[in-house]
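The next block holds one structure in the form of structure tokens; read it before the comments.
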């Protein structure tokens, strides 16, 4: 089974992809991870990626699709979870060709539907212990004792620089402008299934399982 997970940054795609890898033996095809791995590998395509990224330019669709093709070829026939690709109609068409050349098909497109204001609240509230890395949230998972890490007792905490409202809303806007327009391409083929991305992790997972198994929920 080959699927696409669609949703804006912070919607939980990575969390759900990791669960699908553990429960279904699927392989996550994260373009961000693949580009970083290629850059560090020193391979011919990796050197191209490094040159482009060092120049501050965007990696071309041709290079990204080549990386995905290599990963598919080495996947041993395991199902693929595409995360971060495709983002545009040309990329969606390129993915169809990649799969067809390998005798595969795209089975489902899972869209994690989120509420923008709630997503901003979810992301901007995240922080972690500077010493041990334990994760917390202002609202959903505060420390038991204010200002003290539950795990190691440290009083120093950090927040990711991009976990701020302006950055989150900019990413949401980019997602709506660039990625959401590919949905009709898949809706015409009856591949899109929507799940409530604002539900708890286990509930989202259950909705995805129901969508993949063709059962109602």
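Of all residue pairs spaced 6 or more apart or on separate chains, those with beta-carbon atoms under 8 Å, a first member in region 36-57 that is over 18 Å from residue 69 (Cα atoms) and a second member that is at pLDDT 85 or above and surrounded by fewer than 14 Cβ atoms within 10 Å (Cβ to Cβ) are 52/60. Take the conditions under 24 Å from residue 7 (Cα atoms), at pLDDT 90 or above and surrounded by 19 or more Cβ atoms within 10 Å (Cβ to Cβ) and apply them to residue 97. Does it pass? Taking the combined requirement at face value, the residue does not satisfy it. For region 69-82, state whether one or more residues are modelled with pLDDT of 95 or more, closer than 22 Å to residue 207 by Cβ, surrounded by 16 or more Cβ atoms within 10 Å (Cβ to Cβ) and over 16 Å from the mean Cα position of the chain (by Cα). The answer is no, given that none of the residues of region 69-82 is modelled with pLDDT of 95 or more, closer than 22 Å to residue 207 by Cβ, surrounded by 16 or more Cβ atoms within 10 Å (Cβ to Cβ) and over 16 Å from the mean Cα position of the chain (by Cα). Kindly indicate the residue of region 120-137 that is in a loop (DSSP other than H, G, I, E, B) and in contact with a strand residue (DSSP E or B) (Cβ under 7 Å, 6 or more places away or on another chain) and also surrounded by the fewest Cβ atoms within 10 Å (Cβ to Cβ) among those meeting that condition. Only one residue fits best here, namely 130. Residue-level check: of (1) surrounded by 11 or more Cβ atoms within 10 Å (Cβ to Cβ); (2) more than 18 Å from the chain's Cα centre (by Cα), residue 180 misses just (2). Restricting attention to region 19-65 and to residues that are assigned to a loop (DSSP other than H, G, I, E, B) and in contact with a helix residue (DSSP H, G or I) (Cβ under 8 Å, 6 or more places away or on another chain), the residue that is farthest from residue 82 (Cα to Cα) turns out to be 58. No other residue among 155, 167 is free of Cβ contacts under 8 Å to residues at least 12 places away in the same chain and touching a strand residue (DSSP E or B) at 6+ places or on another chain (Cβ under 7 Å) apart from 155.
The set of residues in region 25-57 that are over 13 Å from the mean Cα position of the chain (by Cα) and surrounded by 16 or more Cβ atoms within 10 Å (Cβ to Cβ) comprises 26, 35, 38, 39, 46, 48, 49, 50, 52.
The set of residues in region 105-118 being in contact (Cβ under 8 Å) with a residue 12 or more places away in the chain, outside any strand (DSSP E or B) and surrounded by fewer than 18 Cβ atoms within 10 Å (Cβ to Cβ) consists of 105, 107, 115, 116, 118.
The values are calculated or read from the model by the stated rules, or taken from the named source; none is laboratory data. From a predicted model like this one, the values you see are computed outputs, not experimental measurements. Positions of Cβ are backbone-derived with ideal geometry, glycine not excepted, and every protein chain shown enters the neighbour counts.
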